[in-house]
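Asker: Pasting in a structure now, in structure tokens, and then I'll have a few things to ask.
The values are calculated or read from the model by the stated rules, or taken from the named source; none is laboratory data. Small disclaimer: the values here were computed from a predicted structure and weren't measured. Quick reminder, even Gly has a Cβ in these numbers, built from the backbone with ideal geometry, and neighbours come from all protein chains shown. With ligands, DNA and RNA removed, areas are computed over all heavy atoms of the protein, side chains included. Shrake-Rupley method; radii C 1.70, N 1.55, O 1.52, S 1.80 Å.
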Amino acid sequence: MGPPPHSHEWDEAFFVLEGSVDFTCDGKRETCVPGTLVFVPGGTVHSFEYGPDGGQMLEVTGAGSNATQMFAAVDKEIPPGPPNIETITEVLSQNGVTLHL
């Protein structure tokens, strides 16, 4: 499981630590294994899904990132379980994230 296709203005990088992760960036899908660094420039539509055995990544965000505020808002506003799409779309939008569903 991972986030649906989305974009935001800040740069993001992911370093795959364990397992495998399928990244899609601007429509191109690639399976990434441990040791892979994925750089996602701000404004790029992207998503990812963990492989069948799961995975673990380190995420680093660029200057001007709203990631910390966005994750805090999601934690506060979205209860556990399947999210209400309208609610999560609004919370993400308020924190600079656009979903591309």
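Asker: Grab the DSSP H runs of the chain that are 4 residues or longer, score each as -39,500 (n - 2.57), total them, divide by all residues and round the 222 nm result to the nearest 500 deg cm²/dmol.
Answerer: Theoretical 222 nm ellipticity from helices: -6000 deg cm²/dmol.
Asker: With every protein chain left in place, what is the accessible area per residue of the chain in square angstrom, probe 1.4 Å?
Answerer: About 62 Å² of surface per residue is accessible.
Asker: Further, regarding this structure: Among 27-40, 7-20, what's the highest-first ranking by average C-beta atoms within 10 angstrom per residue?
Answerer: Listed from highest to lowest mean packing, they are 7-20, 27-40.
Asker: PRE reach from Phe15 (point 7 Å along Cα→Cβ): which of region 28-56 fall under 15 Å by backbone N?
Answerer: 33-40, 56
Asker: Another question about this same structure. Mark the label point 7 Å from the Cα of Thr68 along Cα→Cβ and return the residues of region 74-101 whose backbone N is within less than 17 Å of it.
Answerer: The answer is 74-76, 95-96.
Asker: Hey, any idea what % of region 7-101's accessible area is carbon plus sulfur with a 1.4 Å probe?
Answerer: Solvent-exposed carbon and sulfur of region 7-101 make up 54 percent of the total.
Asker: Please report, in debye to the nearest 20, how large the charge dipole of the chain is about its Cα centre when each Lys and Arg carries +1 at its beta carbon and each Asp and Glu carries -1 there.
Answerer: Charge dipole, the chain, about its Cα centre: 60 debye, nearest 20.
Asker: Next up: Which shape class, rounded, prolate or oblate, goes with region 52-101 when its Cα gyration tensor gives a ≥ b ≥ c as root eigenvalues, a/c under 1.5 marks rounded, and past that a/b bigger than b/c marks prolate?
Answerer: oblate
Asker: Can I ask one more? Under a plain spin-label model, where a point goes 7 Å from the Cα along Cα-to-Cβ, how far apart in nm are Leu37 and Leu99?
Answerer: Here the modelled spin labels are 3.2 nm apart.
Asker: Just to confirm the number: angle between the C-alpha axis of helix 85-94 and the first principal axis of the chain, 0 to 90 degrees, nearest 10?
Answerer: For 85-94 against the chain, the angle is about 90 degrees.
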